[in-house]
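Report on one structure; see the data block that follows.
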Amino acid sequence: MEQFLLVKMKSADPYERGIQYGEQAAELIARGIEGYRRHFRKSMAKSWEEITEKSALYLPLLERDFPQELAEARGIAAGSGRALEEILALNCRYEILKLKKKLPQPSECTTGAILSQAAAGGRVYMVQNWDYRPWVKDHSVVISIDDCQGTRILGLAEAGQLVRNGLNNHGVGVCANNLTSTYDTGEVGAPVTFIRRRALAQRSFEAARQVIEGTRVGVSCNYLVASAEDLAADLEVTPGRVYCLSPEEGIVTHANHMVAGAEVCTNKGRKFRDGVLRRLLEERRGKLDVPSLMECLKNHETYPGAPDRYPEADSIEAVCTHLPLGEFDQDRVWQTIASAIYDLKGGCAYICKGTPCTGEYVRYDLSQP
């Protein structure tokens with residue numbers, strides 16, 4: 001069974017936590033840097049040196065507004081033997097890639113939150129199929145953080161990033177999707193990985209929401225935040241304003257186009273994955289549990305008018321996203337590289353490496369050391 005490397009950090013000192021992370025994931029961090037060295041050259045015609053110069057522009061903001069998170073990043077750099085600017089490039093790749101002259105229509109993730117009225121046994125869940133470039137799967141990790149001050153975090157990240165999505169022992173969960181809007185400026189703002197890391201350190205839904213809504217950004221990103229308090233909100237965050245999508249009958253889903261802020265959305269691609277996931281969840285309303293959520297995340301329905309036979313169909317736009325048949329450019333296609341189910345009341349995660357229809361979910365518990 002293929003599964004992600006589990007990186008464990010335990011210390012009250014953020015720099016020491018970063019050291020532990022960097023030492024354990026050094027090989028995967030190096031692999032990720034080599035992948036992005038090629039990717040930035042192909043997609044933006046920029047050298048790695050030019051990219052790290054751009055990442056260094058974020059340092060003053062991070063030193064001022066995110067000192068604890070930056071200390072963790074400094075530790076990752078020291079532990080892995082890489083320059084801080086290289087670790088920042090991994091953490092700012094979302095923002096830097098938005099500087100391309102012509103952005104592709106984002107097709108990166110499908111997320112959802114299920115509150116107790118829709119779940120079996122009064123549970124609260126968050127789910128996400130994380131879709132991105134296929135080579136990213138080979139340097140991603142599961143991270144476990146214990147800050148020795150009462151907070152533990154479990155989540156997914158590209159090796160060297162602070163966090164991508166996850167949950168904590170206070171019942172707070174955060175997932176995120178790519179968005180583009182007319183408000184995007186490309187100016188230096190808080191990197192999404194730093195926002196997610198801080199949000200996942202919070203002890204309540206409202207505190208996490210305030211972190212997400214109250215931080216200045218330079219590009220748009222969607223955040224789905226939920227908690228064991230039986231609360232959830234989808235926040236379409238742009239540099240201009242935040243748009244909120246609330247659960248309906250205990251369910252909220254999102255993909256890569258804006259819903260609450262549709263009038264400022266610049267993604268003109270196909271808009272159906274969030275609707276497919278919502279319909280699948282609604283069909284099981286009141287009975288949603290981990291096995292049924294896994295089945296929902298394995299769905300291969302494609303966009304209207306596409307071939308409907310899997311795997312011959314172009315399932316690059318399905319909830320469970322596959323590579324196209326035949327030859328393809330690994331820097332221009334998408335694949336589900338991880339599928340995650342977060343049980344916010346149970347304090348555990350089920351994470352599958354790669355497409356969930358072919359892989360196997362592994363359970364991770366926050367209570368484990």
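The values are calculated or read from the model by the stated rules, or taken from the named source; none is laboratory data. None of the values given here were measured: they were computed from a predicted structure. Ideal geometry is used to build each Cβ from the backbone, glycine not excepted, and the neighbour counts take in all protein chains shown. These area figures cover heavy atoms from the full protein model, side chains too; ligands, DNA and RNA do not enter into them. Shrake-Rupley method; radii C 1.70, N 1.55, O 1.52, S 1.80 Å.
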Members of the stretch 252-275 found to be under 13 Å from G112 (Cβ atoms) and surrounded by 21 or more Cβ atoms within 10 Å (Cβ to Cβ), listed by number: V252, T253, H254, A255, R273, D274
Some residue of the stretch 57-68 being open to solvent by 50 Å² or more (accessible area, probe 1.4 Å) and at pLDDT below 95: no
Hey, F4 hydrophobic (A, V, I, L, M, F, W, C), touching a strand residue (DSSP E or B) at 6+ places or on another chain (Cβ under 9 Å) and closer than 30 Å to E317 by Cα or not: yes
Of residues in the stretch 121-151 being open to solvent by 10 Å² or more (accessible area, probe 1.4 Å) and of a type in the set (D, E), the one nearest to T355 (Cα to Cα): D138
Of the criteria (1) closer than 21 Å to K345 by Cα; (2) without any contact (Cβ under 8 Å) to a residue 40 or more places away in the chain, which one E263 fails: (1)
Members of the stretch 221-242 that are farther than 15 Å from V192 by Cα and open to solvent by 10 Å² or more (accessible area, probe 1.4 Å): A228, E229, D230, L231, A232, G240, R241
Answer from L84, L103 - the residue that is at pLDDT below 95, of a type in the set (A, V, I, L, M, F, W, C) and open to solvent by 10 Å² or more (accessible area, probe 1.4 Å): L103
Looking only at the stretch 173-208, and only at residues there that are among the hydroxyl-bearing types (S, T, Y), assigned to a loop (DSSP other than H, G, I, E, B) and out of contact with any Leu (no Cβ under 7 Å at 6 or more places or on another chain), the one that is surrounded by the most Cβ atoms within 10 Å (Cβ to Cβ): Y183
Test: A73 is open to solvent by 30 Å² or more (accessible area, probe 1.4 Å), closer than 26 Å to A30 by Cα and over 16 Å from the mean Cα position of the chain (by Cα): no
Some residue of the stretch 2-10 being aromatic (F, W, Y), touching a residue at least 60 places away in the same chain (Cβ under 8 Å) and assigned to a loop (DSSP other than H, G, I, E, B): yes
Hits in the stretch 11-51 (condition: part of a loop (DSSP other than H, G, I, E, B) and within 22 Å of the chain's Cα centre (by Cα)): A25
Odd one out for L90, checked against (1) in contact (Cβ under 8 Å) with a residue 40 or more places away in the chain; (2) open to solvent by 10 Å² or more (accessible area, probe 1.4 Å); (3) closer than 18 Å to Q24 by Cα; (4) among the aliphatic types (A, V, I, L, M): (2)
Failed criterion for E108 (all others in (1) open to solvent by less than 20 Å² (accessible area, probe 1.4 Å); (2) out of contact with any helix residue (DSSP H, G or I) (no Cβ under 9 Å at 6 or more places or on another chain); (3) farther than 20 Å from T180 by Cα hold): (3)
Residue, farthest from S140 (Cα to Cα), within the stretch 1-19, restricted to residues that are buried (at least 19 other Cβ atoms within 10 Å of the Cβ) and out of contact with any Asp or Glu (no Cβ under 8 Å at 6 or more places or on another chain): I19
Yes/no for P369 being modelled with pLDDT under 95, open to solvent by 50 Å² or more (accessible area, probe 1.4 Å), part of a loop (DSSP other than H, G, I, E, B) and closer than 21 Å to G173 by Cα: yes
Matching option when the condition is in a loop (DSSP other than H, G, I, E, B), within 24 Å of G275 (Cα to Cα) and open to solvent by less than 10 Å² (accessible area, probe 1.4 Å), among C352, C357, C320: C320
